[in-house]
Every structure is written in structure tokens, then in C-alpha cells.
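Enquirer: Below you'll find the structure I mean.
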Amino acid sequence: MSDLPLLTPHDTPAMALHHLVDDDRLDTVQTAFATRVATAYNRMFADCLALVDDQDAIVDYELAETEKIKLVVHGDLGDNDKQDIYHTFRVITGRCGAQVGAAVKSSQFSLLTAYLLDQRDGVGRDITPAVAHALSRVVLPRGLSKTHLMKVFGQPGRTAADKSALNFNPEDARAYWPPGISPMADSMAEIVAQMQLYSSRVRADLAGQWIAQWEQRRRRRKAE
């Protein structure tokens, strides 16, 4: 466990979808995304601290010009030992990157689900699991999980024979629904870019905070 406190980003994500997604649902997605990103970076910092405590060497961290954590290994170590330390560090940072990427993907799914729910509940469109899957494939290459869509849009007692008037093949979805799904499809790339920019800001923000705490910890231990 880290002996440094958990860090909190100074800002929150702002996804420009208020014209497409209900504010409460959008806030829920944004909050979940911000929490997952901060958790990933805090876990990375804790692992970085454990790497220092686990190694019989002088390991230091610096803030690189790219606003990323930089590992510096000092001491009389063989090349293999140093390479092992650097490899572990790359695993730690790579795992964090994968977790942030997963948070982006999960947010895409949540935003698209929220949009389709608004089309059903707010606009009154007959969104069945099949329709939701076809529409989701306009925005995401593979669309949303059919199992997930059955849980969200399935209707007890409604059979496959009772099709929605909106039933169509996935390849016809965009042409069939130009005023509905197209704005979401056009916005998703921009939203992903916003989420990636936010995660980069969080990385720089938390890295700066953590390096400051790291330096205080290092000075404190030297004084002991």
C-alpha cells in the first residue's frame, strides 16, 4: 500500500452532448469516467512506490518534459537488474494506460446507451434490442453487446415476431434514421478525443502532485 495520500484531479470531464443525452445520464457517465481515470493513475502511483520499496537499489522518479513520470535507477547494479526494474515500470505504466483506454471505451458504451434510452423514453421511438444493436453499429464498429441490450431494451412478453416499425438491417441504419442517430455518430469521435484529452490533463495534473509528494517523502526519509 502507498504511504502517500490518494490524489484528486482539479477538473472534471466536459462532454458536449447536452443536446443529445439527458443531463442526469450524462453527468453519471462523466462522473464514472473521471473516477476510473483517477483510480487508474492512483493505482499506478502506488505501484511505482512499491517498486521503490521492493528494490535493493536507489530508484528515483522525476517529472519528464512530457508531464509523465520518469524512472531513474541509480546505484551499482548489473544491466540485467536495471532492465528488470525498467521492465516492471513499463508494465505498471502500460497497465494504467490500458485501464484508461478501457474507461474511454466503457464511457462510449454508456453514452450510446443513454442516447438510445433518451430516444425511447424522451422521443417515444420503439427501440427494441434489435433496433438498438443496428443503430449502435452506426456509431461503434461492433455495436453494443446484444446481451447488454436485451437487459436494457428487452420487454417482458414481447416476442421476436412483434417487430418494431423501425426494424432494419444494420447497413441501412444511418440512411433510415438521419435525424436521430447521425448526430450521435458524428459527435462520438469528438467525444472520444475530449475524453483522451481529459485523461492526458489528469495524468499531467496528478503526476505533478505525486512528484511533489514523492520529493517531500524522499527528504523526510533522508532526515530520519
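The values are calculated or read from the model by the stated rules, or taken from the named source; none is laboratory data. Keep in mind that what you see is a predicted model, and the values were worked out from it rather than measured. So basically every Cβ, Gly included, is an ideal-geometry build from the backbone, and we count neighbours across all protein chains shown.
Enquirer: Output the residue which, of all residues in the stretch 87-142 that are outside any helix (DSSP H, G or I) and within 21 Å of the chain's Cα centre (by Cα), is modelled with the lowest pLDDT.
Expert: PRO141
Enquirer: Only one of ALA189, ALA173 is exposed (fewer than 15 other Cβ atoms within 10 Å of the Cβ) and either touching a Gly at 6+ places or on another chain (Cβ under 8 Å) or modelled with pLDDT under 80 (or both); which?
Expert: ALA189
Enquirer: Looking at VAL104, VAL72, VAL100, VAL123, can you tell me which residue is under 28 Å from GLN213 (Cβ atoms), surrounded by fewer than 16 Cβ atoms within 10 Å (Cβ to Cβ) and among the β-branched types (Val, Ile, Thr)?
Expert: Testing whether each residue is under 28 Å from GLN213 (Cβ atoms), surrounded by fewer than 16 Cβ atoms within 10 Å (Cβ to Cβ) and among the β-branched types (Val, Ile, Thr) leaves just VAL72.
Enquirer: Let me confirm something: among MET150, MET195, which residue is surrounded by 13 or more Cβ atoms within 10 Å (Cβ to Cβ), part of a helix (DSSP H, G or I) and at pLDDT 85 or above?
Expert: Answer to the check: MET150.
Enquirer: Let me ask another. Can you tell which of LEU166, LEU206 is surrounded by 17 or more Cβ atoms within 10 Å (Cβ to Cβ), of a type in the set (A, V, I, L, M, F, W, C), at pLDDT 70 or above and not in a helix (DSSP H, G or I)?
Expert: On inspection, the qualifying residue turns out to be LEU166.
Enquirer: Right, next: Between a first residue in the stretch 73-99 that is at positive phi and a second residue that is hydrophobic (A, V, I, L, M, F, W, C), which pairs have beta carbons less than 9 Å apart while being 6 or more apart in sequence or on different chains?
Expert: Here the result reads GLY75/ALA57; GLY75/ILE58; GLY75/VAL59, each pair linking the stretch 73-99 to a residue that is hydrophobic (A, V, I, L, M, F, W, C).
Enquirer: Name every residue in the stretch 189-224 that is among the hydrophobic types (A, V, I, L, M, F, W, C) and over 14 Å from the mean Cα position of the chain (by Cα), in order of residue number.
Expert: ALA189, ALA204, LEU206, ALA207, TRP210, ILE211, ALA212, TRP214, ALA223, listed by residue number.
Enquirer: For the stretch 61-69, does any single residue satisfy the condition of being at positive phi and touching a Gly at 6+ places or on another chain (Cβ under 9 Å)?
Expert: Yes; the residues of the stretch 61-69 include at least one that is at positive phi and touching a Gly at 6+ places or on another chain (Cβ under 9 Å).
Enquirer: Also: Which condition number in (1) surrounded by 12 or more Cβ atoms within 10 Å (Cβ to Cβ); (2) of a type in the set (S, T, N, Q); (3) farther than 30 Å from ARG142 by Cβ is the one that SER110 fails?
Expert: (3)
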